[in-house]
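Written out below as structure tokens is the structure these notes cover.
The values are calculated or read from the model by the stated rules, or taken from the named source; none is laboratory data. In this text, all values refer to a predicted model and were calculated from it rather than measured experimentally. With ideal geometry, Cβ positions are generated from the backbone for all residues, glycine too; neighbour counts draw on all protein chains shown. Ligands, DNA and RNA are stripped out before the accessible areas are found, and what is left, the full protein with its side chains, is counted by its heavy atoms. Shrake-Rupley method; radii C 1.70, N 1.55, O 1.52, S 1.80 Å.
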Amino acid sequence: MKNLTIGVLALQGSFREHITMLRAIGVKTAEVRLPEQLEEIDGLIIPGGESTTIGKLAIDFGLFEKLRAFGHKKAIWGTCAGAIFLSKDAHRQQPLLELMDITVERNAFGRQIASFETDLKIPALAKISSDKAPFHAIFIRAPLIATVTRDAEILSTLPDGRIVAAQQGRLLATAFHPELTSDDRVHRYFLSLVISNRETKNKLTGEQ
Ligand code: GLN
């Protein structure tokens, strides 16, 4: 896998499941808890968990501004709480990286269906896989992506049009949890963003 190292923010939440999926694909992984660990990775996954807690811990661990700087240069994928953390606005007082031009509505599915599973169409996956099957998505106290503006694009919606995945160049946000399935297509899609971002940077700087 082109000597990639993918970090997973390991402050809280479902980081181990992402590590397991990445290892199965064959990429090097690193659990990220310290600012200097960001220098050794090509892309970062921010896992699901509790977004206010992840944000507060990122501040306590001296990671907050470093994460923001990382996202200005390198690929980040946020799943669920991680997607909230990447957003510009979650309509609550909580630390947000504000890297993506998306706003989110936390816990958007209410109590009755706090957790559910459904099949999604994610057309962009055709770029990395010939498998045309829908993606079986697991939602756990999930947010919705309420608005997608400026340079951000919608990647997937529920059948009623509510947005559950978005992309802005090298930045990816999913309201659901691909790391809890055995389908590695979204992970491989993220790796393709990491690789193309790295190749663009190398072309600009002349590095190999
Ligand atoms: N409900 C959580 C939040 O608002 C997200 C849940 C998850 O990451 N599975 O932060």
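Can you name the residue in segment 83-113 that is under 18 Å from Gln168 (Cα atoms) and β-branched (Val, Ile, Thr) and, of all such residues, is surrounded by the most Cβ atoms within 10 Å (Cβ to Cβ)?
Among residues in segment 83-113 that are under 18 Å from Gln168 (Cα atoms) and β-branched (Val, Ile, Thr), the one surrounded by the most Cβ atoms within 10 Å (Cβ to Cβ) is Ile84.
Can you name the condition, by its number, that Gly43 falls short on among (1) away from the ligand (no atom under 12 Å from the Cβ); (2) open to solvent by 10 Å² or more (accessible area, probe 1.4 Å)?
It is condition (2) that Gly43 fails.
Filter segment 46-68 for residues that are within 15 Å of the chain's Cα centre (by Cα) and within 13 Å of the ligand (Cβ to nearest atom) and give the result.
Ile46, Pro47, Gly48, Gly49, Glu50, Ser51, Ile54, Gly55
Any chance you could count how many residues in segment 69-85 are out of contact with any Asp or Glu (no Cβ under 8 Å at 6 or more places or on another chain) and either near the ligand (Cβ under 9 Å from one of its atoms) or closer than 15 Å to Ile145 by Cβ (or both)?
The qualifying residues number 7.
Of all residues in segment 163-183, how many are farther than 23 Å from Phe109 by Cβ and surrounded by 18 or more Cβ atoms within 10 Å (Cβ to Cβ)?
Looking only at that region, the number is 3.
Restricting the search to segment 88-142, which residues are among the acidic types (Asp, Glu), within 16 Å of the ligand (Cβ to nearest atom) and farther than 26 Å from Leu63 by Cα?
Matches in segment 88-142: Glu117 only.
Of everything in segment 12-40 that's free of Cβ contacts under 8 Å to residues at least 60 places away in the same chain and closer than 19 Å to Phe176 by Cα, which residue is surrounded by the most Cβ atoms within 10 Å (Cβ to Cβ)?
Result: Phe15.
Determine whether Glu199 is in contact with a strand residue (DSSP E or B) (Cβ under 6 Å, 6 or more places away or on another chain) and either open to solvent by 30 Å² or more (accessible area, probe 1.4 Å) or more than 19 Å from Ala24 (Cβ to Cβ) (or both).
Considered against the rule, which asks whether it is in contact with a strand residue (DSSP E or B) (Cβ under 6 Å, 6 or more places away or on another chain) and either open to solvent by 30 Å² or more (accessible area, probe 1.4 Å) or more than 19 Å from Ala24 (Cβ to Cβ) (or both), Glu199 comes out as no.
Out of Asp119, Asp151, Asp160, Asp131, report the one residue that is open to solvent by 50 Å² or more (accessible area, probe 1.4 Å) and free of Cβ contacts under 8 Å to residues at least 12 places away in the same chain.
Step by step, each of Asp119, Asp151, Asp160, Asp131 is checked, and only Asp160 is open to solvent by 50 Å² or more (accessible area, probe 1.4 Å) and free of Cβ contacts under 8 Å to residues at least 12 places away in the same chain.
Please name all residue pairs, on different chains or six or more residues apart, with Cβ atoms under 9 Å, provided the first residue is in segment 57-79 and is free of Cβ contacts under 8 Å to residues at least 12 places away in the same chain and the second residue is surrounded by 18 or more Cβ atoms within 10 Å (Cβ to Cβ).
Going by the 9 Å Cβ cut-off, the qualifying pairs are Asp60/Leu11; Ala69/Leu38.
Quick check on my filter: what residues within segment 46-69 are under 26 Å from Leu180 (Cα atoms) and either open to solvent by 10 Å² or more (accessible area, probe 1.4 Å) or not hydrophobic (A, V, I, L, M, F, W, C) (or both)?
Of everything in segment 46-69, those that are under 26 Å from Leu180 (Cα atoms) and either open to solvent by 10 Å² or more (accessible area, probe 1.4 Å) or not hydrophobic (A, V, I, L, M, F, W, C) (or both) turn out to be Pro47, Gly48, Gly49, Glu50, Ser51, Thr52, Thr53, Gly55, Lys56, Leu57.
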